[in-house]
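Values quoted throughout were computed directly from the atomic coordinates according to the rules given, and no laboratory measurement underlies them. Quick caveat, the model's predicted, so the values are computed rather than measured. Virtual Cβ from ideal backbone geometry, glycine too; neighbours counted across all protein chains shown.
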Amino acid sequence: MISIGRKVRLGLTLTMLALVGAALACGGTETIIKEVEVEKIVEVEVVKEVQVEKIVEVEVVKQVQVEKVVVQEKIIEVTAETKDTAKLALGTIPFHMVPGAIPSLQSRTSWRMLFGAFGMQDESDGSAVPHLATWELVGDDTLVVSIPPGQFHHNGEEITAEATVEQIDYLNGQQKFGFVNWNLWSAYDGWEATDKYTFEAFLSKPTAKYAVTLGVHVPLPVAYLKEKGPPGFSDEPIGNGPYEMVDWERDAFIKATRWADYKGGHPSAMDGMPVIKDLEFRFVPEDAVRGAGLEAGDFDIAAVLPPEVVARILQKGFRIFAGDSQQSFTVWFDHNHVTPELEDVRVRRAMSYAVDIDKIHEKIAGGYGTKLQCQLVAPGGFGYNSSLKNWPYDPDKARALMKEAGLESGFSIQGSASVARYYRDDQVMTALQAYWKDIGIDVPIKFMESAVWLEAAMEGALPPIWNIGLNWWFADNSNIPQKAGFDTTLDDLKAKAVITLDNSKRNAIVQDAAARACDQAYGLWFYTIPALYGLNPELPDISFNLAFEMIIPTK
C-alpha cells in the first residue's frame with residue numbers, strides 16, 4: 001500500500017489497486033473517496049484531507065484537478081506480532097550530535113528521535129508553536145519563556161530556565177563544531193532567568209521571526225555538556241526525546257533505543273510511547289543500494305528511493321510512503337559574484353532559458369514533489385507569488401542572449417553536485433551540464449559525497465554553480481542566497497521583510513523579493529524534495545512530516 005503524506009502524489013494499495021479520477025467542475029469542487037485496505041485492521045475510520053495532483057495505477061498515470069480529496073483509511077492494529085525494531089537506510093545522518101549546529105533538514109529523521117525542542121512547527125501556516133516551553137512577546141523586544149516543571153533529560157537533569165540560560169551563555173556564538181557555529185540566539189542581545197522555570201530574552205531589534213529561535217532551540221543537560229565539552233557531548237550525546245542513544249559513528253550509523261521514562265508530546269506528533277523499541281539509522285549514500293537493501297531484507301525503511309523502483313517494490317509487497325517537504329531543490333548561479341560572465345543578467349537568463357524544468361521534473365524526479373515556479377516555496381508557503389512562472393525552455397532565445405552579451409563562443413565555469421544528499425541531485429546536475437553545453441557553456445562538475453559537500457557548503461568553498469536543498473521550514477520565499485551589496489533592491493526587500501511585523505504587509509514584501517530574484521535569474525528552482533520511502537509491510541504505520549521527521553504509532 002502507499003501511505004499518504006501531506007501532499008500526496010500517488011494512491012496505491014498492496015491488496016487492491018484503485019484508480020480514482022475526478023475533475024474540477026466549473027465553480028465547484030468534487031470530492032474523491034477511496035478506501036485503503038490493509039491486512040490487520042481496527043474497524044475505526046479516520047478522515048483526513050490531502051491534495052492530489054497525480055494518481056497512479058501501476059504504470060498508468062492520470063492527471064486530475066481537485067481542490068480536496070477525502071481519504072478514508074482504516075488504522076493498522078498494533079499487535080504482539082508487529083515488528084518492533086526498524087533499521088533505516090538514509091542518504092544523510094548528522095556529522096555531530098550537538099543540536100542547534102546541525103544544518104541539515106534530512107538529518108532530522110534521526111536526531112529528532114533523540115531530542116525535543118522548545119517549539120515545533122505548525123505545518124498549516126509554518127509558524128512556531130509551543131512544545132517543551134511556552135512564550136509571550138512583551139512589547140516589541142522582550143520574549144518571556146516559561147518551561148513547565150517536571151521535564152527531564154535522559155540522565156535525570158531537569159529542563160529549567162537557569163539551565164537554559166547557562167547553556168546559551170556557554171554555546172552561543174562561541175563554540176564551533178567542525179565548521180558550524182551554534183548561534184541560535186544571535187537575534188537577541190541578552191537573556192536572564194527570572195525564576196527556576198522562566199527566563200527573558202531581549203531582541204536587538206523587532207523582528208517577525210522572533211519565535212523561530214524557540215522552534216529550533218533544543219535544551220541540553222548543561223552540567224553534562226560542560227563536563228564533556230561539545231566534542232565529548234557529541235561522542236556520547238544525552239537527549240530528552242522518545243529514544244536515547246546507544247551508539248553512533250559519524251558517516252556510518254546511529255543506534256537508539258526507546259527511553260523508558262518518555263512522557264510523550266514529541267514534535268513529530270508522537271504523544272505516547274512509540275511502538276518501535278529499537279532504531280538503527282544507516283548511512284547509505286547510493287539510492288540504488290538503499291532500494292536493493294530494502295528488497296533483500298537488510299533494511300526495513302529505505303529513504304529517497306529512485307522513482308524507477310517504486311512499481312517493482314510495490315509489486316513485491318512493500319509499502320511506499322510518498323509525501324512532500326518544506327525543502328526545495330535549487331541551483332544557484334555564482335551567488336558570491338566572482339565570475340565576470342555571470343555578472344551580466346543576460347547570461348543568467350540564457351542559462352535559465354536553456355533548461356527544460358518540466359522535463360527534469362517529469363523524467364528525472366518521476367513527477368514526485370511539487371514542481372516550483374521560479375521561487376523557493378510551493379503554494380501555501382509564506383510569500384508564495386502566484387504571478388511567477390518558470391523561464392520557458394527556449395534554447396534559441398538562450399543562444400541569442402549569449403550572442404547579445406558578446407559570448408557567442410561560450411565560456412567555461414566550474415560546477416559541483418552533491419551525491420544522493422538530495423532527491424536525484426547528481427542526476428539533475430548531470431542533465432544541466434548537457435543543457436548548458438548546448439548553448440556553449442561548459443560546466444565541469446565536481447561530484448561530492450554528502451558530508452564532504454556539506455562541509456564545503458558551510459565553509460563557502462563550493463564552486464560558482466552549485467545545488468542545494470534550500471529550506472523554507474521556519475523560513476519563507478525570501479530565502480535567496482545572494483552576497484549582500486550586489487543587488488541593493490533585493491537586499492532592501494529582504495531586510496524590510498525581517499522587521500515588518502504585520503503579516504499581510506510582510507507577505508507582500510516577500511513576494512516582491514521572490515519576483516526580483518526570478519527576474520534577475522539568480523538561479524533555478526526545480527521541485528520540493530519529496531519524502532519518498534519504501535517500508536517493510538510488517539512495520540506499524542510509520543509516516544513522515546514536512547521536515548522529514550518520522551512519526552511512529554504509539555502505545
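Here are some notes:
- Pairs from the list Lys371/Lys483; Lys196/Lys255; Lys87/Lys359; Lys371/Lys446; Lys403/Lys437; Lys205/Lys505 with a Cα-Cα gap above 23 Å: Lys371/Lys483; Lys196/Lys255; Lys87/Lys359; Lys371/Lys446.
- Where trypsin sites (Lys or Arg not before Pro) fall in DSSP loop in the stretch 440-529, at most 15 other Cβ within 10 Å: Lys483
- Rounded if a/c under 1.5, otherwise prolate or oblate - the stretch 343-385, Cα gyration tensor axes: oblate
- Length available on full extension from Ser146 to Lys228: 0.36 nm per residue minus the Cα-Cα distance, which gives 26.8 nm.
- Val338-Glu459 pseudo-label distance in nm [points 7 Å out on the Cα-to-Cβ vector]: 1.2 nm
- Equivalent ellipsoid of the stretch 327-529: semi-axes from √(5λ) of the C-alpha gyration tensor, largest first, are 25, 20, 17 Å.
- Among Asp519, Asp356, Asp324, the order by Cβ neighbours within 10 angstrom, fewest to most, reads Asp519, Asp356, Asp324.
- Under the combined filter of DSSP loop state and at most 11 neighbouring Cβ atoms within 10 Å, the stretch 354-445 retains these trypsin sites (Lys or Arg not before Pro): Lys389.
- Distance in nm between pseudo-label sites at Lys209 and Lys555 (7 Å out along the Cβ direction from Cα): 4.1 nm
- Extreme residue, positive dipole direction of the stretch 117-227, given options Val216, Ala133, Trp182 (C-beta unit charges): Trp182
- Were the residues from Glu249 through Lys277 laid out at 0.36 nm apart, the gain over their Cα-Cα distance would be 8.0 nm.
- For the stretch 371-490: rounded, prolate or oblate by the Cα gyration tensor [a/c cutoff 1.5]: oblate
- Length gained on full extension, Ala484 to Asp84: 138.9 nm, using 0.36 nm per residue less the C-alpha separation.
- Residue (of Ala451, Ser478, Ala461) at the positive-pole extreme of the stretch 440-492, dipole from beta-carbon charges: Ala451
- Ranking of Asp141, Asp189 by count of other Cβ atoms within 10 Å, fewest first: Asp189, Asp141
- C-alpha center-to-center spacing [the stretch 184-262, the stretch 465-527] in angstrom: 29 Å
- When Met113, Met97, Met458 are sorted by how many other C-beta atoms sit within 10 angstrom of their C-beta, beginning with the fewest, the order is Met458, Met97, Met113.
- For the stretch 117-227, the Kirkwood hydrodynamic radius from C-alpha pairs, put into Stokes-Einstein at 25 °C and a viscosity of 0.890 mPa s, yields a diffusion coefficient of 171 µm² per second.
- Where both bridge residues fall in the stretch 327-529, DSSP classifies roughly 60% of the beta bridges as antiparallel.
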